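Notes follow the structure.
A short reminder: the numbers here are calculations on the coordinates, not readings from a lab. Not measured: the values here are computed from a predicted model. When we count neighbours, we look across all protein chains shown, and the Cβ atoms used for this are built from the backbone with ideal geometry, even at glycine.
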Ligand SMILES: Nc1ncnc2c1ncn2[C@@H]1O[C@H](COP(=O)(O)OP(=O)(O)OP(=O)(O)O)[C@@H](O)[C@H]1O
Ligand SMILES: [Mg+2]
């Protein structure tokens, strides 16, 4: 049994009283010490999935309409939010997409970490401050005993992102979800933040989910990958298996829009077209309007999973040809 098991998860958003499906039956697992990357274009349902796991959809127009989310064998979707808080404590933490919206600009960062620590543990102010400095040091903020008194705007984007990681770690989570931890950062800082997360994993055995729209970032940091398109996982496997034989035209398009890749020149430009809007129903494979190899079959029939090697699963009628 894996630490986190998401099975056939469906999520919909209520628009004018009508439920529009957004996440359409996704399944994945994450274990201790394992890093799962979820990749996909803007709007495909990545953040909704993480908010669903965290139990943060209450009070929003977003509803979980089917499926299961189990943590350590406990079904989370059957718990009230009170039960959930009691059972789960702080075993999960999330780093949000935009650090400036999650840090309060009017409080010193140290005080924000201290508050988070004291919410989760009975610990004196003095001990919490010492722990806050330790955490800032752990995420490699220089001069942590001075920086603990900085305000968010006095730090760089990369430093703020690290402070967010320090806050997420303040409760010693068993599962850490990092939603686009790097998009706002330049490439070197991105790399440092990701290295930091894998160092932390080595030390603490945390299970990590990294959400990104950059397949390159995922390739470097994750043990396994799920590629989402329009609310479905269209390709999934271990990083090794998947990159050895990319088998979904969408995944190939994603990778080859990274300019350093020098093969398959015809894929080099960004994938043409756009993700269909919410509520726009498409027959067959949802990628068919943008797919360079789509045929009548792709319009007529929704593809199931084709297995390439081991657990490497691909939702494309032509997966075997694409992979070869
Ligand atoms: N509160 C909401 N009300 C209405 N629609 C929403 C709401 N939250 C999300 N959506 C829609 O649901 C879809 C999935 O959103 P989600 O935030 O999960 O995308 P994402 O994959 O995280 O994208 P990005 O890469 O831009 O962060 C999008 O089409 C979005 O517009
Ligand atoms: Mg998002």
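Residues considered: 35, 238, 302. Largest GNM mean-square fluctuation over the chain, using C-alpha springs under 10 Å, is found at 302. With Cα atoms as the point set, the stretch 93-172 shows a radius of gyration and Dmax of 11.2, 31 Å.
Kindly provide the helix-only [θ] at 222 nm of the chain, computed as the sum of -39,500 (n - 2.57) over DSSP H runs of four or more divided by all residues, to the nearest 500 deg cm²/dmol? Write out the running numbers ahead of the final one.
On the way: 13 runs with 113 residues, N = 324.
The per-residue figure over the chain is -9500 deg cm²/dmol.
Springs between Cα atoms under 10 Å define the GNM used for the chain, and in it the highest mean-square fluctuation of 25, 205, 284 occurs at 284.
Mind jotting down the distance between the C-alpha centroids of the stretch 1-34 and the stretch 211-235, whole Å? Cα centres, the stretch 211-235 to the stretch 1-34: 15 Å.
Using a 10 Å cut-off around each Cβ, can you sort 107, 229, 250 from fewest to most neighbouring Cβ atoms?
107, 229, 250
Between residue 91 and residue 293, the simple label model (points 7 Å from Cα in the Cβ direction) yields a spacing of 4.2 nm.
Only bridges with both residues in the chain count here: give the DSSP antiparallel percent, nearest 5.
Around 60 percent antiparallel, to the nearest 5.
Ignoring solvent entirely, what values of log10 I(q)/I(0) come out of the Debye formula for the stretch 15-74 at 0.19, 0.21, 0.23 Å⁻¹ when each Cα is a single scatterer? Log10 I(q)/I(0), no solvent term: -0.84, -1.01, -1.19.
Rounded to two decimals, what is the ratio between the C-alpha radius of gyration of the chain and 2.2 N^0.38 Å?
Here the Cα radius of gyration is 1.04 times the empirical estimate.
What FRET efficiency comes out for the pair residue 204/residue 283, r = Cβ-Cβ distance, R0 = 41 Å, nearest 0.05? Efficiency, rounded to the nearest 0.05: 0.30.
Quick one: 74, 49, 221, fewest Cβ neighbours within 10 Å first, how do they rank?
Ordered by Cβ neighbours within 10 Å, fewest first: 74, 221, 49.
Shown for 209, 299: other C-beta atoms within 10 Å of each C-beta, ranked fewest to most, produce the order 299, 209.
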